[in-house]
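The values are calculated or read from the model by the stated rules, or taken from the named source; none is laboratory data. Treat the numbers as computed from the prediction; the structure is a model and nothing was measured. Here the Cβ is made from the backbone with ideal geometry for all residues, glycine too, and neighbour counts use every protein chain on show. The protein model used for the area step is the full one, side chains on, heavy atoms only, and it has no ligands, DNA or RNA in it. Shrake-Rupley method; radii C 1.70, N 1.55, O 1.52, S 1.80 Å.
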Amino acid sequence: MPVISGVVQPVEAALTSPYHKELQGVIERLILKEHRLIWNSLARSWTDSERVVLEQLHTVPFVLTSSTDKAAGRISVELPLQADNLPLETVYERFQQTSHGFKDLLSHYLSGEKPKGFLETEEMLLVGSSLTGIGELAQRPDGTLCLQPPSNGAGYFLCLEDWQTLLSSLQSASSFWKWTALVCGLVAAAVALRALRRAHQNRRLNREREAQRQEFEDYLRNHNQDEELPANACVVCLANPRECVLLPCGHICLCFHCFQALPTPSCPICRGHIDRVVPLYQA
């Protein structure tokens, strides 16, 4: 895309600042913001808040002319409000503080909102400013050239810096978003790996439980129900002898295999937490 630099000149009458009559521009933005304090019950403090009460935007057609060659042609700037960032300068700013009486202060503390005042701001693209534009250069039917937003949806840039400064800022922004995307990708990969690991552990635990259930069903199917179980049979599998002493409760109720398969380290008799296990030796 072409890079166009020139001096801002209005096609017709320029806009005049209502606060500084000597200032003229081609784009003007008037903003009125209300500033207030909001009580944060969690932080137990007042936090600053603002909202836009009024915003007005005015523009007139303007062109870019050469600052050195007066005979050079003029390039019209079309749809400047569609640029990524409006190249405006703050030419006026005033904060009007709100006065409060005793009743107002009392109502503010009860409602949790305390108005601070209003901020008036005027921003303009001044006549005579050096402007750099990056967009699509088109030719009108009358033969004049105009700079307009690209038809392919690419970025449309208007700035007060030269093209090298603009290019450097765009490269910095691109590098920042690349690193941000890389970090977000690594975090997403770590979260996905953790989720897969947890799913694998749950699947393995379910398989072990299913194997134990199937083993118990096979045991019941292959043994006579009237047959008495051994006195020292594990209370879980009912097949292997008891081999573990659970501490600190002291219960002897599990074989070592069933102890390893416990989903949580708790005694199946008293539900107490198992700190350590001592093997059982029978004479």
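Here residue 151 fulfils each of the conditions (1) more than 30 Å from residue 134 (Cα to Cα); (2) at pLDDT 85 or above apart from (1). Among the candidates 38, 27, the residue that is among the β-branched types (Val, Ile, Thr), more than 30 Å from residue 140 (Cβ to Cβ) and in a strand (DSSP E or B) is uniquely 38.
The residues of segment 254-283 that are surrounded by 14 or more Cβ atoms within 10 Å (Cβ to Cβ), among the hydrophobic types (A, V, I, L, M, F, W, C) and touching a strand residue (DSSP E or B) at 6+ places or on another chain (Cβ under 7 Å), listed by number, are 254, 255, 256, 259, 267, 274, 277, 280.
Would you confirm, using the coordinates I've provided, whether residue 32 is open to solvent by 30 Å² or more (accessible area, probe 1.4 Å), part of a strand (DSSP E or B) and free of Cβ contacts under 8 Å to residues at least 40 places away in the same chain? Answer is no for this residue.
Is it the case, given these coordinates, that residue 201 is on the phi < 0 side of the Ramachandran plot and at pLDDT below 85?
No; evaluated as a whole, the condition is false for this residue.
Taking every residue in segment 93-105 that is more than 7 Å from residue 117 (Cβ to Cβ) and in contact (Cβ under 8 Å) with a residue 60 or more places away in the chain and pairing it with any residue that is open to solvent by 100 Å² or more (accessible area, probe 1.4 Å) and among the β-branched types (Val, Ile, Thr), at least 6 positions away or on another chain, yields no pair with a Cβ-Cβ distance below 7 Å. Given the structure, is residue 131 more than 30 Å from the chain's Cα centre (by Cα) and farther than 30 Å from residue 40 by Cβ? Considered against the rule, which asks whether it is more than 30 Å from the chain's Cα centre (by Cα) and farther than 30 Å from residue 40 by Cβ, residue 131 comes out as yes. Within segment 233-248, restricting attention to residues that are in contact (Cβ under 8 Å) with a residue 24 or more places away in the chain and assigned to a loop (DSSP other than H, G, I, E, B), the residue that is surrounded by the most Cβ atoms within 10 Å (Cβ to Cβ) is 234.
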